[in-house]
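A short write-up of the structure that comes next.
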Amino acid sequence: MSEYQQFLVERNKVDFLIQKGYLINNILENLNGSYVDFIHPNDQSKETLHISTANGRKYFSSILIKQNTTSYIKNE
Amino acid sequence: MADLSINLAGIKSPNPFWLASAPPTNSGYQVQRAFEAGWGGAVWKTLGDPILNVSSRFAAVSFNGQRVAGFNNIELITDRPIEVNLKEIYETKKRFPNHAIIVSLMVEPKQEKWHEIVKRVEDVGVDGLELNFGCPHGMAERGMGSASGQVPELVERQTFWVKEVATTPVIVKLTPNITDITATAEAAVRGGADAISMINTINSLMGVDLDNWNTIPHVAGKGAHGGYCGPAVKPIALNMVAECARNSRINVPISGIGGISSWQDAVEFMLMGATGVQVCTAAMHHGFRIVEDMIDGLNNYLDEKGIASVSELIGKSVPRYSDWGNLDLNYNIVAKINTDVCINCNKCHIACEDTSHQCIDMLTDTNGNSYLKVREEDCVGCNLCSIVCPVDGAIDMVEVSSDLQPMTWNERQAALNLVAQCKTDVAK
Ligand SMILES: Cc1cc2nc3c(=O)[nH]c(=O)nc-3n(C[C@H](O)[C@H](O)[C@H](O)COP(=O)(O)O)c2cc1C
């Protein structure tokens, strides 16, 4: 699979969880890339995605920044 | 016509083009001819205890037909007594009162030595002084030049000694042979420098003769490292100027030096924070009259841009120079090959396939003609294909819009830290 195809797969997985209402809860970054933990605020159910492409890492990071800004606004 | 005059820490000159302290400014005869040709200022060849030079002093790199892409020398400071130089400086200043004459100085790191030379030189009426803390060979072995200039405390102390007696502006000329030039630039400012100039030459060995295994150049079969300058060093010099310009603790004017060969180079240095520029190698390569093109080109550029004074350029690009961590990770460009201009040499394909991201395909159209096409989704926008392409306009790097908000590495890391923090807070 090309790097781009791999990115599309990772992006779809992230989008799928976000659309279902999951929030990013923790990120572990190591030699394998990033492991992104998601949590659902309602039932506390958890999912983890392994993101291995550079564009995938940019993508979930952008979503995280958006999430931080919205939760900050909500907290205010 | 725009106003080309500059004022660098109180030193006024009719244009921003000065000759750097080097062979072109060795004598009154030369500096006066340079002023006649149009140079706005000259930094006199470094004065100090007259030295002895070796024979066979220069060497140059020719790169693919481009003569003097880089230039190397093992010449020292002036070999003429100070009275001779001072007499010529006096005469030159009298003939050209509106041109800037700055005198470069280098003595041992002793207070009385600095006091003596500063007083003697200022007595003949100069517009400023430049302290040579940069010469990387010969003088350095005697504790002067870059040996002084690599130690921030010595830069600060010697600048301070000069400022104790100097009545004209003092420019401290810095060596690039140091990991972080802002350390010595800050030291110069702490010592009271009115301005800084950079760069002096970079330690270099030009080559080894494959037939007789001598160094290039060699002196009776022996070589020693020299100082490198000319077009090849421009990017290094420009970065050093920019790093100093964006450092808030270095709040003095900068005289930019290093590889400046054209008015375009000068404009780049000024945009990156230099108040004026100094030139050595280009004058040695092409003669004094190269300044005519520099003046004309600069004038036309300013007129086309509707800029009234060259000083308006100073530092305009500095806010655009930052750290890698502040660059937008979501900004994307991709290569576009213009098939009507492309000559199908395949250099871009080879470069991309062998050394980059394998995203340029060699294809054949329905008529059997070969063409090259970029798979944009796999292109990371590295620019390599457009760099190796021999035909202007065959490859454009174009911005592709992103659905994502701008995001820097620093912002990303802050967001990751925040999530980790929240998690710990929850765990508590
Ligand atoms: C042959 C030669 C002699 C030089 N002598 C001096 C000198 O006496 N004092 C000094 O401060 N710099 C000296 N320099 C350095 C130049 O002033 C200048 O800093 C350097 O060459 C970079 O500018 P360029 O790339 O335009 O040549 C010398 C350079 C050359 C090539």
Of all residues in the range B:118-152, which are hydrophobic (A, V, I, L, M, F, W, C) and over 18 Å from B:Gly192 (Cα atoms)? B:Val121, B:Val124, B:Val126, B:Cys135, B:Met139, B:Ala140, B:Met144, B:Ala147
Selection count where residues are in a loop (DSSP other than H, G, I, E, B), among the hydrophobic types (A, V, I, L, M, F, W, C) and farther than 23 Å from B:Ile343 by Cβ, scope the range B:385-417: 2
Applying the selection to the range B:106-116, what residues are open to solvent by less than 60 Å² (accessible area, probe 1.4 Å) and within 10 Å of B:Val165 (Cα to Cα)? B:Trp114, B:His115
For the range B:284-295, check the following and say yes or no: at least one residue is of a type in the set (A, V, I, L, M), modelled with pLDDT of 95 or more and closer than 20 Å to B:Ser104 by Cβ. yes
Conditions (1) open to solvent by 10 Å² or more (accessible area, probe 1.4 Å); (2) within 30 Å of B:Arg95 (Cα to Cα); number of the one not met by B:Phe160: (2)
Of the residues in the range B:184-205, how many are of a type in the set (A, V, I, L, M) and open to solvent by 40 Å² or more (accessible area, probe 1.4 Å)? 1
Cβ pairs under 9 Å, 6+ apart or interchain, first in the range B:249-263 and among the charged types (D, E, K, R), second surrounded by fewer than 24 Cβ atoms within 10 Å (Cβ to Cβ), ordered by first then second residue, are B:Arg249/B:Thr182; B:Arg249/B:Glu186; B:Arg249/B:Val189; B:Arg249/B:Arg190
Give just the number: which of (1) outside any loop (DSSP other than H, G, I, E, B); (2) touching a strand residue (DSSP E or B) at 6+ places or on another chain (Cβ under 6 Å); (3) under 30 Å from B:Asn326 (Cβ atoms) does B:Cys422 not satisfy? (2)
If we only count strands (runs of 3 or more DSSP E) wholly inside chain A, which ones have 3 or more residues that are away from chain B (no Cβ under 12 Å) and in contact (Cβ under 8 Å) with a residue 24 or more places away in the chain? A:46-51
If B:Ala242 satisfies every condition in (1) within 13 Å of the ligand (Cβ to nearest atom); (2) in a helix (DSSP H, G or I) but one, which is the exception? (1)
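The values are calculated or read from the model by the stated rules, or taken from the named source; none is laboratory data. Every value quoted in this text rests on a predicted model; they were computed, and no experiment measured them. For neighbour counting, all protein chains shown are included, and Cβ atoms are generated from backbone atoms with ideal geometry for every residue, glycine included. Accessible surface is based on the protein model in full, side chains and every heavy atom, while ligands, DNA and RNA are left aside. Shrake-Rupley method; radii C 1.70, N 1.55, O 1.52, S 1.80 Å.
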